[in-house]
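Written below as structure tokens is the structure these notes are about.
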Amino acid sequence: MKIIVDEKKGTFTIVPMTEAEETKISAVLSVLTPDQVLDYQGRSRDPENTKYVQAHFHIGGAKKKVRETKGNITFIGSKMEGGIELTLQGTSDDDKNEVGGIRDVCFFGAAGLIFIESTEVDGKKSMVVTAKKCKHCGANMISLSSCEWSTCSACAEKCEHVYVEGMVHGGGLDIGVGLFCEKCGRGKPKEPGEREKTVIEQHLDAEKKLGVHVVYKDGPPVNPEQAVQFNRMARGYAKSKARSAAKA
């Protein structure tokens, strides 16, 4: 599917690119009404390129509680019965990136996507959705920070910020520590000349100030402390090699 992002209007337009996708979008549009929510149901790896994900949604139907016992452990969850399932899978790499962004917004900041209207793009029936409505003015929102705090950028600009230190994430950072407004969630602007912390420095801060343990699954390095040691070794080797070259 093609994903058209309109940051000004705060919408995603989902355009089917295959015959199967056209059939699915038509079926979804036949049951949707304005402001109806497409419930987010998780993600899975994109079979065309596993570095990307697919995002799964459900329209209509009802949630049913599910219990499953494995050995001495009982898992309690829920699944949808009835309704229509919709899987968002990007066509191009850009589309796949946008699907990943939609997944993050739904997982961290919204319960799903809100249907706005149907439209046509290149003669194909498509649908326009947003992620959340601003709690102050009702504006459509699709950015992670706006949805997490239910506050659009326009309302955040009017906010009388009160900055506190705590956990931050997003923009390529999975976890770190920073200053953000406790009212609108926006980060405190950096002072002129202030250096941006590296990801490793952010991870070290998270361990020290938040009490979490950061582990790198594709290591070595296996944690930020080991990453610092590796960086020191690499710098030491580079300096030694430069001195040897100068003497030669």
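A quick yes/no check of all residues on (1) closer than 28 Å to residue 44 by Cβ; (2) more than 22 Å from the chain's Cα centre (by Cα):
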residue: 125; (1), (2): yes, yes
residue: 138; (1), (2): no, no
residue: 159; (1), (2): no, yes
residue: 167; (1), (2): yes, no
residue: 173; (1), (2): yes, no
### Query
Can you tell me how many residues in the stretch 47-78 are under 30 Å from residue 30 (Cα atoms) and among the aromatic types (Phe, Trp, Tyr)?
2
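Per-residue answers, yes or no, for (1) free of Cβ contacts under 8 Å to residues at least 24 places away in the same chain; (2) surrounded by 13 or more Cβ atoms within 10 Å (Cβ to Cβ):
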site: 173; (1), (2): no, yes
site: 183; (1), (2): no, yes
site: 192; (1), (2): yes, no
site: 200; (1), (2): no, yes
site: 209; (1), (2): no, yes
site: 225; (1), (2): yes, yes
site: 232; (1), (2): yes, no
site: 246; (1), (2): yes, no
### Message
Go through the stretch 1-46 and report how many residues are over 13 Å from residue 125 (Cα atoms), outside any strand (DSSP E or B), touching a residue at least 40 places away in the same chain (Cβ under 8 Å) and not polar (S, T, N, Q).
### Response
8
### Task
Report, by residue number, each residue of the stretch 93-120 that is loosely packed, with under 15 Cβ neighbours inside 10 Å, part of a strand (DSSP E or B) and of a type in the set (A, V, I, L, M, F, W, C).
none
### Subset of the stretch 63-87 [assigned to a strand (DSSP E or B) and either surrounded by 10 or more Cβ atoms within 10 Å (Cβ to Cβ) or on the phi > 0 side of the Ramachandran plot (or both)]
63, 64, 66, 77, 78, 79, 80, 81, 84, 85, 86, 87
### Query
Do we have residue 90 as under 16 Å from the mean Cα position of the chain (by Cα), in a helix (DSSP H, G or I) and small (Gly, Ala, Ser) here?
no
### Query
How many residues does the stretch 121-149 hold that are assigned to a loop (DSSP other than H, G, I, E, B) and surrounded by 15 or more Cβ atoms within 10 Å (Cβ to Cβ)?
6
### residue 179 part of a strand (DSSP E or B), modelled with pLDDT under 95 and among the hydrophobic types (A, V, I, L, M, F, W, C)
yes
### Query
Does the stretch 194-228 hold any residues that are assigned to a loop (DSSP other than H, G, I, E, B), over 16 Å from residue 169 (Cβ atoms) and among the charged types (D, E, K, R), and which are they?
194, 195, 217, 218
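The values are calculated or read from the model by the stated rules, or taken from the named source; none is laboratory data. These numbers come from a predicted model, not from an experiment. Here the Cβ is made from the backbone with ideal geometry for all residues, glycine too, and neighbour counts use every protein chain on show.
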